1. What pairs come up if the first residue lies in segment 1-30 and is at positive phi, the second is part of a strand (DSSP E or B) and open to solvent by 30 Å² or more (accessible area, probe 1.4 Å), and their beta carbons are under 9 Å apart, counting only those six or more places apart or on different chains?
2. Condition first: among the aromatic types (Phe, Trp, Tyr), within 20 Å of ARG149 (Cα to Cα), modelled with pLDDT of 90 or more and out of contact with any Asp or Glu (no Cβ under 8 Å at 6 or more places or on another chain). Can you find one or more residues in segment 56-74 that meet it?
3. I'd like the residue in segment 115-147 that is modelled with pLDDT of 95 or more and touching an Asp or Glu at 6+ places or on another chain (Cβ under 7 Å) and, out of all such residues, is farthest from TYR74 (Cα to Cα).
4. Going by the conditions given, is GLN123 more than 25 Å from TRP2 (Cα to Cα), out of contact with any helix residue (DSSP H, G or I) (no Cβ under 8 Å at 6 or more places or on another chain) and surrounded by 14 or more Cβ atoms within 10 Å (Cβ to Cβ)?
5. Just to verify a result, which residue in segment 1-18, among those that are in contact with a strand residue (DSSP E or B) (Cβ under 9 Å, 6 or more places away or on another chain) and exposed (fewer than 13 other Cβ atoms within 10 Å of the Cβ), is farthest from ILE159 (Cα to Cα)?
6. So which residues in segment 60-86 are within 12 Å of the chain's Cα centre (by Cα) and under 17 Å from ARG111 (Cβ atoms)?
7. From (1) over 22 Å from TYR91 (Cα atoms); (2) touching a Gly at 6+ places or on another chain (Cβ under 9 Å); (3) open to solvent by less than 50 Å² (accessible area, probe 1.4 Å), pick out the condition that doesn't hold for SER140.
Amino acid sequence: VWMKMIITDTGIYPGTLKSGDVLIQENGSIHACNGCMDCWWKTPGVCSRKDTLMKISALLEQTDELVIVSCCLYGSFSCFVQKVLERMMPYFMPEYETQEGCMVHKCRADRNIGVSVYFYGNQLEESERMNAQSVVRRLSLRLGGRIRRIMFVADAMQIGGLS
């Protein structure tokens, strides 16, 4: 069963949720990565933080599309989205490999996750957009996937009608 994982810092996301899809949004119960590396050495693939993202690696193994809705801050993701992305460390192995000239951690699963990112923010400069596109490219490489879509809109409310 393949699913879509949606990470949103607003609660807004494009399209509709289907049975089995996972919605990750700020609810005050998601902890930041503490950098202990237990997910690599002590409990491979499982985070030691006891919250809803503890088994994010297992969720990613079933994900065929990752959708991110984020405020574009200085050409990157919002703090909440970045916190969730950092919690994906259990999905990766400690070993590196080179992909398209970039060093990335090997994934625990042989997946091809499609990545769609919807950035919002007023008056974004071209340099911010270019940096954000680079950040998304790097993320898709890390996930062993491909970029499906990168979209910039002025207001997050515009994203709700997209799919």
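1. Qualifying pairs under 9 Å: GLY11/LEU23; GLY11/GLN25; GLY15/LYS4; GLY20/LYS4.
2. no
3. SER116
4. When the stated conditions are applied, GLN123 does not pass them.
5. TRP2
6. Once the filter is applied, which keeps residues that are within 12 Å of the chain's Cα centre (by Cα) and under 17 Å from ARG111 (Cβ atoms), segment 60-86 yields LEU60, THR63, GLU65, LEU66, VAL67, ILE68, LEU85.
7. Against the list (1) over 22 Å from TYR91 (Cα atoms); (2) touching a Gly at 6+ places or on another chain (Cβ under 9 Å); (3) open to solvent by less than 50 Å² (accessible area, probe 1.4 Å), SER140 comes up short only on (1).
The values are calculated or read from the model by the stated rules, or taken from the named source; none is laboratory data. Keep in mind it's a predicted model, so treat the numbers as computed, not measured. Quick reminder, even Gly has a Cβ in these numbers, built from the backbone with ideal geometry, and neighbours come from all protein chains shown. Accessible surface areas use protein heavy atoms only, side chains included; no ligands, DNA or RNA. Shrake-Rupley method; radii C 1.70, N 1.55, O 1.52, S 1.80 Å.
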